[in-house]
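Shown next, in structure tokens, is the structure this report addresses.
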Amino acid sequence: PKERPRFTPARIVEAYRKRFLVHTGKEVFWSLARGSMFHRANSPLELPAVGDWVLVERIPNQEHARLWRLLDRRTALVRQAAGERTQAQVIAANLDHIFIVTSMNQEFNARRLERYMALATDSGARVSVILNKSDLVDGDASRDAFIARAREAAPGAEHILTMSMVTRQGAAALLDHVQPSETIGF
């Protein structure tokens, strides 16, 4: 409460190194992180990411606001960053529900689904699987085979949904699993 007159709570919607697009619920604008935020961080996990709630300060006659402080995260989708050194990297923060999307065709890969499921489960968010391109599947037996393979690869998934972006089959079922005021990630 004592910070409220000076700072505005905002949510990061895009992140680029030290520059962040934030949304206050009323407006969207760019914010630059304070240098000390990066100097004090012991690991990349302590740096702002998409989905984080932050406090920003609007500065008169300045193009960018100043990102002042990162607020506590509820959940974090984390992966190992690419490169020679393996360091954890936050992909997205404060997600309530993660939908892992994969195809119902020759591109379906059970091992990849297992890896994504492990990352998503470790995040603390609820996890569901969407089997997309159901319009390309021949018959119920083939569809059921994809569902069985997905259940085996993602046993902790809350739901296994099938859909087609072409025919819109399954779109209503997906909307049944998206709740107001939740943050979801695909």
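Go through the residues of the stretch 120-129 one by one and say whether even a single one is touching a helix residue (DSSP H, G or I) at 6+ places or on another chain (Cβ under 7 Å) and open to solvent by less than 60 Å² (accessible area, probe 1.4 Å).
Scanning the stretch 120-129 turns up at least one residue that is touching a helix residue (DSSP H, G or I) at 6+ places or on another chain (Cβ under 7 Å) and open to solvent by less than 60 Å² (accessible area, probe 1.4 Å).
Residue by residue through the stretch 138-152, note down the ones that are surrounded by 10 or more Cβ atoms within 10 Å (Cβ to Cβ) and of a type in the set (A, V, I, L, M).
Of everything in the stretch 138-152, those that are surrounded by 10 or more Cβ atoms within 10 Å (Cβ to Cβ) and of a type in the set (A, V, I, L, M) turn out to be A145, I147, A148, A150.
Would you confirm, using the coordinates I've provided, whether P155 is open to solvent by 30 Å² or more (accessible area, probe 1.4 Å), of a type outside the set (D, E, K, R) and more than 17 Å from the chain's Cα centre (by Cα)?
Against the criterion (open to solvent by 30 Å² or more (accessible area, probe 1.4 Å), of a type outside the set (D, E, K, R) and more than 17 Å from the chain's Cα centre (by Cα)), P155 qualifies.
Hey, any hits in the stretch 163-183 for a residue that's in contact with a strand residue (DSSP E or B) (Cβ under 9 Å, 6 or more places away or on another chain), buried (at least 20 other Cβ atoms within 10 Å of the Cβ) and either on the phi < 0 side of the Ramachandran plot or free of Cβ contacts under 8 Å to residues at least 60 places away in the same chain (or both)?
Checked the stretch 163-183: at least one residue is in contact with a strand residue (DSSP E or B) (Cβ under 9 Å, 6 or more places away or on another chain), buried (at least 20 other Cβ atoms within 10 Å of the Cβ) and either on the phi < 0 side of the Ramachandran plot or free of Cβ contacts under 8 Å to residues at least 60 places away in the same chain (or both).
Can L113 be described as over 17 Å from the mean Cα position of the chain (by Cα) and aliphatic (A, V, I, L, M)?
So L113 does not fit the description; no.
From E84, E152, E114, E107, grab the single residue that is modelled with pLDDT of 95 or more and either aromatic (F, W, Y) or under 30 Å from E14 (Cβ atoms) (or both).
Checking each option against the conditions leaves just E114.
Output the number of residues of the stretch 16-44 satisfying the condition of being of a type in the set (S, T, N, Q), surrounded by 14 or more Cβ atoms within 10 Å (Cβ to Cβ) and within 23 Å of Q80 (Cβ to Cβ).
Qualifying residue count, the stretch 16-44: 0.
The values are calculated or read from the model by the stated rules, or taken from the named source; none is laboratory data. This one's a predicted model, so the numbers in the text were calculated from it and none came from an experiment. A quick note on method: Cβ atoms are made from the backbone with ideal geometry, for glycine too, and the neighbour counts reach across all protein chains shown. For the accessible areas, the whole protein counts, side chains as well, though only heavy atoms, and no ligand, DNA or RNA atoms are used. Shrake-Rupley method; radii C 1.70, N 1.55, O 1.52, S 1.80 Å.
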